[in-house]
Amino acid sequence: MGIKSFQGRRSQPKKAELKPALVSDYMTKKLITFRPDQPVAEVMQTLIKNRISGAPVVNEKNELLGIISEGDCIKQISESRYYNMPMDNDTVDKHMVTNVETIDGNLNIFDAAKQFLSSKRRRFPIVEKGKLVGQISQKDILIAALEQKGQNWK
């Protein structure tokens, strides 16, 4: 008579299937924002003070109107000197970018990374039901990717 094994059938342990993190998991929710009627000089002071390179422009309903960046401010400085115009009266609405690309908060971080590559943007606002709810930057994607690497990149 052959040897009988009393061990039950062994099944392969299932690897926990980890889902990639979403943009909404890593987006910044407490944002510095600007209003369209704010002076550009005030924007410059805020950007420098907070060490940020740009921020969304919203109306009183928190609806996204545009983005203003350091580059927009520098362009304004250059133009004011060239045309010998004072900067005092310049407001955000005259210098912000209004054709703003947004990103879906439900997008996973790997797809978001592709969107950053194809768009050459440094940040994307996230809008839900017409309202600005957050912003994701390239640095946020790097942080998310490193955290994901520890969990499911082998």
Counting only residues 5 or more apart in sequence or on a different chain, those whose built amide H sits under 5 Å from that of GLU128 are VAL133
Name the aspartates and glutamates eligible as straight-distance cross-link partners of LYS94: C-alpha to C-alpha under 13 Å, and not fewer than 8 places from it in the same chain.
-> ASP37, ASP72, GLU79
FRET efficiency for PHE110 and ILE74, Cβ-Cβ distance as r, R0 = 25 Å, nearest 0.05?
-> 0.15
Using the 2.2 N^0.38 Å rule of thumb for compact globular proteins, work out how the stretch 23-149 stacks up: its C-alpha Rg over that value, please.
-> 1.12
Using amide H atoms built 1.01 Å from N in the peptide plane, name the residues 5+ places from LEU64, or on other chains, whose amide H lies under 5 Å from its own.
-> LEU132
Would you mind pulling out the separation of the Cα centroids of the stretch 86-134 and the stretch 15-65, in Å?
-> 8
Neighbour net charge for SER137 - beta-carbon separation under 11 angstrom, K R +1, D E -1 | +3
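Any read-out appearing in this document is the output of simple, stated calculations on the displayed coordinates, not a laboratory observation. Computed from a prediction, not measured in an experiment: that's the story for all the values here. No Cβ is skipped: glycine too gets one built from the backbone with ideal geometry, and neighbour counts run over all protein chains shown.
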